[in-house]
Structures are given as C-alpha cells and as structure tokens.
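Peer 1: Here it is, the structure in full.
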Amino acid sequence: MTVETAPVPAPMEAPAQRPRIFSGIQPSGTVHLGNDLGAIRNYVTLQWEYEAIYCIVDYHALTSTHESDVLRERTTEMAASLLALGLDPERCTLFVQSHRPEHTELAWLLCTVTPVSWLERTPTYKEKRQNQPDDINHGLLTYPVLQAADIVMYKASLVPVGKDQAAHLELSREIVRAFNARYGPTFPEPQAVFTEAPVVLGTDGVKKMSKSLGNTIDIFVEPAAIRKQVMSMVTDTKRILRTDPGRPEVCNVCQLHRSFGDDYEEIWDGERTARTGCVDTKKLLADRIIAHYAPARERYLELMAHPAEVAGILEAGADRLQPMAAATMDDVRRKMGLR
Ligand code: AMP
Ligand code: TRP
C-alpha cells in the first residue's frame, strides 16, 4: 500500500482514536479484478487499523444509469460483493450514499466554492463526454464535488482508491483548500492510499480494466466464465512462436500472477526461457483466480439469496453515521451564514 503525498499515520489502539478513512465505490454490477486488486483489498486490510467508512455511491451512478430497477439491483450486488470479499460490518461502516441525503446538500455548498474551470478540465469528465455523448448531464460535471462532499462529511483524511481516482482526489484537496480559505479551517485535506496494483489492465492488455470497456475478469461469475475471460487475455504481443522467449514485464498475465501466489518469479522465469507457453501461464492464472475467489463466491451467492440481511447491514450503517453527518452540516451551515 502506498500513500500519494504523506506517510500513513501510525495506527492507534483504541477504536475511537483510530484515524478515519473513507472510500466510495459505484454500484456498477459485478465486481472485477481491477476493483478488488486496485481498491477493495485495501478496504479489507485497512478496516483493521482504521476507523473505516465505505459508501456505495448510488447518487454518482445516476450520472450514467437511469434505469431504476437496474440501479437498485446493482446496489444490492455491490453490497453483497463487498461483504463477501471481507468487509466486516462489526469492523467498518458500510452504507449507501442516498441513505444519507446530507451528501447532496454538502455537495451544493461545496459547489459554491468550486470554479467551473476546475471541473471542466477533469479527465473523467472529458472521457464521459466522449463515452456518453447523448447524455452529458450536469451531474457528470459536478461529480467530483459530490465525491469531495462524501469524503469531508466524515472529515476523513485517507482515501483508499485505484490510481484512476488520483485526479478526483487532487480536486477534493483543492475544494477543501478553497472552503477552508474562505470559511476558516474546517476540513482536513484527504490523501489517496493506493494498493500494490493501483492500475489493473484489462484482458486487452492495454487499457485499464473497466466494465464499460468490456475487458474485465469478473470475480463472482461461474468458474467457466472466469476461465473464458482469462484465456482471452492478450499476452506479450512480440512472442509469436511458442519457442520465442516471453517478456513478463510487459505481459499482463504475468503481472497478474504477482497477485495470486508467491512463486511468480519462477513463472516469469519459465516464460523468459520459453519453458512454458502463454497458454500454460493463462491456464494456471485461471485456476488460481477461480480457487482464490471460490469461498467469496459462495458467500456472495448466500448473501444474494438473503437480500433482507444485506439491507439491514446497509441501514444500520447509514444510521450509525447520522450524528456525524448532522454535526458536519450544522458547522458548515453556521460558517456559511445559513444559521
Ligand atoms: P468504480 O467501479 O469505477 O467505482 O471503481 C471502484 C474502485 O476500484 C475505485 O477505487 C477504482 O479506483 C478501482 N478500480 C476500478 N478499476 C480499476 C482498475 N482497472 N485498476 C485499479 N483500480 C481500479
Ligand atoms: N469516483 C469514485 C469511482 O468512480 C467513486 C467515489 C465516489 C469515491 N465518492 C468517493 C471514491 C469518495 C473515494 C471517495 O470509483
């Protein structure tokens, strides 16, 4: 795990004094390897050392998903996925963004200290304009302000995310600075916390793994489907013949092996010396991914069969956060002249 700009504060013993972390994840349907290796693994580890708050950001998802049933279903799926991968509701707080509507009010207030030019130059906004040209809604522009509101609502100082979120985090810091400069010190500047695999490439071996690009390796699908996705991966494109030496440092399959076993250097050596072929290395990776996620997949299916249990956990999470959100809103409204 690496921190963008400063060392992680030393963890403390008493739960009440543990530094607070916050992260949000979109209810985007099935969870893929990029989500887990890039962010969720950190969520699970950090819940033991920090006071961790994790949010399923359905307000954010509305900027791209307008089908109500789909959004509802995906929210449950994401909650079940996070719980199955190891979030423990006794150790952390898991909730749905829209269950704490204070987030939208705070986003509005932060909008008033955020220059439009900062939002227009955000890389994800530019990407979205390209990806959904028929739906360039205002929410896409304001997206990072809502994200800043999520984080500062609970005065979190650390934010575990994948590297694709670095620009959003920088913007959150700028918004915090703008607010504090105008209304007095109120919020800490949040810092990103990255995993060992902050950017996971997709099966094409070139672009970031992403549901919208259709290049994912999904975690909770049938084992046969995982195998099919892994076997479709592009390897070292310069290795044409089985006897050609492989270059593990540029091969996405070899890179992923780092996350699924301590023996990746032996695997890399087999590739370099052409002892093993790309197909062998992919088969082994598929076996390992399937075996690694088998227990989580069982828990996931069990949770999806009991949606009321999942709903109860999410509701309890939102309730637990109510006093903190109320205190922040009270302070901010007062400072801004609304009280
Ligand atoms: P999203 O599904 O886009 O909301 O992403 C959820 C979390 O997974 C965020 O922290 C992302 O930064 C992270 N993430 C998504 N895709 C990748 C990827 N290909 N590599 C690394 N992290 C990722
Ligand atoms: N923008 C993040 C993503 O697409 C999701 C997100 C929303 C988030 N609010 C957040 C991440 C607060 C970290 C902190 O993945």
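The values are calculated or read from the model by the stated rules, or taken from the named source; none is laboratory data. Because the structure is a prediction, the values reported are computed rather than measured. When we count neighbours, we look across all protein chains shown, and the Cβ atoms used for this are built from the backbone with ideal geometry, even at glycine. Heads up: the accessible areas ignore ligands, DNA and RNA and are worked out on the full protein's heavy atoms, side chains in. Shrake-Rupley method; radii C 1.70, N 1.55, O 1.52, S 1.80 Å.
Peer 1: In region 42-85, which chymotrypsin sites (Phe, Trp or Tyr not before Pro) are in a loop and have at most 15 other Cβ atoms within 10 Å, using DSSP for the loop call? It would help to have the intermediate numbers written out before the result.
Peer 2: Values: sites: TYR43, TRP48, TYR50, TYR54, TYR59; in loops: TRP48, TYR50.
Here the sparse-neighbourhood loop sites are TRP48.
Peer 1: Along each of its three principal axes, how wide is the spread of alpha-carbon positions in region 211-301, in whole angstrom units, largest first?
Peer 2: Extents along the principal axes: 42, 29, 18 Å.
Peer 1: Which of the DSSP-defined H helices in the chain satisfy a minimum axial length of 20 Å, computed from C-alpha atoms, and a minimum mean Kyte-Doolittle hydropathy of 0.5?
Peer 2: Details: long enough: 68-84 (24 Å, 0.02); 138-153 (22 Å, 0.97); 166-183 (26 Å, -0.17); 278-304 (36 Å, -0.13); 307-335 (41 Å, -0.21).
Result, helices passing both filters: 138-153.
Peer 1: Once the piece of chain linking LYS207 and ARG272 is laid out straight, how much longer is it, given 0.36 nm per residue of separation minus the C-alpha distance between them? Can you show the working numbers first?
Peer 2: Values: separation 65, 0.36 × 65 = 23.40 nm, distance 2.40 nm.
Separation in residues times 0.36 nm, less the Cα-Cα distance, equals 21.0 nm.
Peer 1: Determine which lysines satisfy two conditions relative to LYS238: a Cα distance under 22 Å, and not lying fewer than 8 residues away in the same chain.
Peer 2: Excluding near neighbours in sequence, the set is LYS207, LYS208, LYS282, LYS283.
Peer 1: Quick one: what are the phi-derived ³J(HN,Hα) couplings along region 211-222, Karplus 6.51/-1.76/1.60 with θ = phi - 60°, whole Hz, x for glycine and proline?
Peer 2: 4, 5, 8, x, 10, 8, 10, 7, 8, 9, 7, 3
Peer 1: Another one. I'd like the FRET efficiency for HIS306 and GLU49, computed as 1/(1 + (r/R0)^6) with the beta carbon distance as r and R0 of 30 Å, rounded to 0.05.
Peer 2: Working: r = 30 Å, r/R0 = 0.99.
That pair, HIS306 with GLU49, gives E of 0.50.
Peer 1: Whole number in Å², please: accessible area per residue of the chain, 1.4 Å probe, ligands, DNA and RNA not counted.
Peer 2: So the chain comes to 47 Å² accessible per residue, rounded to a whole number.
Peer 1: Further, regarding this structure: What percent does the relative contact order of region 188-339 come to when contacts are Cα pairs within less than 8 Å and at least six residues apart?
Peer 2: 18
Peer 1: Now a separate question. Find the Cα radius of gyration of the chain, compare it with 2.2 N^0.38 Å by division, and give the number to two decimals.
Peer 2: 1.05
Peer 1: Got the relative contact order for the chain handy, in percent, Cα pairs under 8 Å and 6 or more residues apart?
Peer 2: 22
Peer 1: Restricting attention to the chain, give the cysteines that have no other cysteine Cβ less than 4.7 angstrom from their Cβ.
Peer 2: Lacking a cysteine Cβ partner under 4.7 Å: CYS55, CYS92, CYS111, CYS278.
Peer 1: So, how do all the Cα-to-Cα distances of region 9-149 break down into 10 Å bins, in percent, from 0 on up?
Peer 2: Per 10 Å bin, starting at zero, the Cα-Cα P(r) for region 9-149 comes out as 11, 35, 37, 16, 2, 0 percent.
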